[in-house]
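Remarks on the structure that follows.
The values are calculated or read from the model by the stated rules, or taken from the named source; none is laboratory data. Predicted model, so just to flag it, every value in this text is computed and none were measured. Cβ placement follows ideal geometry from the backbone for every residue including glycine, while neighbour counts extend to all protein chains displayed.
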Amino acid sequence: MGIDPGLARMGYGVIREQAGKWKLVDCGTLTSAAGEAVEKRFVVLFEGLTEVVRKNKPQAIAVEQLFFSRNVTTGMVVSQARGLAILVAGLAGIPVFEYRPVEVKQAVTGYGQADKKQVQRMVKLLLGLTEAPKPDDTADALAVALTHAQAGTGEWLKRLQENRKQVPD
C-alpha cells in the first residue's frame with residue numbers, strides 16, 4: 001500500500017501481484033474540510049485510513065517522504081499527516097517504508113525529475129488501467145506503492161542505491 005500524505009487530501013493506493021504483474025486492488029483520496037479545526041481533520045483522516053487498512057490488510061505501507069522548500073507551515077502540517085499515516089500502520093502492526101519523491105519518480109518513470117503527468121501515465125501503464133488515476137494524490141500514492149513493490153527485486157534495489165549516491169537529499 002502506498003500513501004501520499006496531506007491534510008486536505010491523503011492519497012492511498014493498494015496493489016498486488018497477479019501472474020507476474022501489478023494489479024490495482026483499491027485506491028482513492030481521503031479528504032478533510034479546510035474550515036474544520038485541525039484536530040477534527042486528523043480524526044477524519046485517521047478513521048478513514050484505519051478503515052482502508054482494515055479492509056485491504058496490506059503487508060507493507062510505503063509513505064512518500066516530505067519534501068518542501070518554500071512554505072514551512074504547509075510542510076509542518078504535511079509532516080503531521082505523515083505521522084498520522086505511520087501511526088495507523090504501527091497500530092496495525094504493518095511495517096512502514098519511506099521513499100523520497102525523486103526515488104518514486106525514478107522507479108516509476110525512469111527519470112527522477114519527471115512531472116506529475118508523466119508519473120500518472122506510467123502508473124496507468126504499469127497497472128494496466130484504462131485511464132490515469134485521479135486526483136494527483138491517488139496517482140502519487142499508487143506510484144509510491146509501485147516503488148515499494150519494485151524495491152523487492154535485487155536489480156531495482158541496486159539501481160536505487162546507486163541513485164541515492166548521485167542525488168542530493
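So, in region 75-133, of the ones that are of a type in the set (A, V, I, L, M) and without any contact (Cβ under 8 Å) to a residue 12 or more places away in the chain, which residue ends up surrounded by the most Cβ atoms within 10 Å (Cβ to Cβ)?
Ranking the candidates gives A114 first.
Do any helices (runs of 4 or more DSSP H) entirely within region 29-141 hold 3 or more residues that are among the polar types (S, T, N, Q) and closer than 13 Å to L7 by Cβ, and if so, which?
Result: 72-92.
If M76 satisfies every condition in (1) modelled with pLDDT of 80 or more; (2) hydrophobic (A, V, I, L, M, F, W, C); (3) farther than 23 Å from K23 by Cα but one, which is the exception?
Failing condition for M76: (1).
Of the residues in region 1-25, how many are closer than 12 Å to L127 by Cβ and either part of a helix (DSSP H, G or I) or out of contact with any Ser or Thr (no Cβ under 8 Å at 6 or more places or on another chain) (or both)?
Adding up the residues that qualify gives 10.
Hey, can you tell me all the residues within region 17-46 that are free of Cβ contacts under 8 Å to residues at least 24 places away in the same chain and out of contact with any strand residue (DSSP E or B) (no Cβ under 9 Å at 6 or more places or on another chain)?
Hits for region 17-46 are Q18, A19, G20, A33, G35, E36, A37, E39, K40, V43.
Hey, among A92, A62, which residue is modelled with pLDDT of 95 or more and under 22 Å from L126 (Cβ atoms)?
None of the others qualify; the one that does is A62.
Taking region 100-126 as the region of interest, how many residues are in contact with a helix residue (DSSP H, G or I) (Cβ under 6 Å, 6 or more places away or on another chain), of a type in the set (V, I, T) and closer than 15 Å to E64 by Cα?
So the answer is 3.
One line per residue, one yes/no per condition, for (1) under 21 Å from D140 (Cβ atoms); (2) aromatic (F, W, Y):
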| residue | (1), (2) |
| --- | --- |
| D4 | yes, no |
| I15 | yes, no |
| A19 | no, no |
| S32 | yes, no |
| G35 | no, no |
| F42 | yes, yes |
| F46 | yes, yes |
| L49 | yes, no |
| K57 | no, no |
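Could you tell me whether region 19-29 includes any residue that is among the polar types (S, T, N, Q), modelled with pLDDT of 95 or more and in contact with a Gly (Cβ under 7 Å, 6 or more places away or on another chain)? Give the steps one after another, and end with the answer.
Filtering region 19-29 down to residues among the polar types (S, T, N, Q) leaves 29.
Filter once more, so that each one left must be modelled with pLDDT of 95 or more: 29.
In the following step, the residues that additionally are in contact with a Gly (Cβ under 7 Å, 6 or more places away or on another chain) were identified as 29.
The answer is yes, given that some residue of region 19-29 is among the polar types (S, T, N, Q), modelled with pLDDT of 95 or more and in contact with a Gly (Cβ under 7 Å, 6 or more places away or on another chain).
Could you count how many residues in region 130-169 are at pLDDT 80 or above and more than 18 Å from the chain's Cα centre (by Cα)?
Looking only at that region, the number is 2.
Evaluate the following for L84: is it farther than 30 Å from L125 by Cβ and either modelled with pLDDT of 95 or more or small (G, A, S) (or both)?
yes
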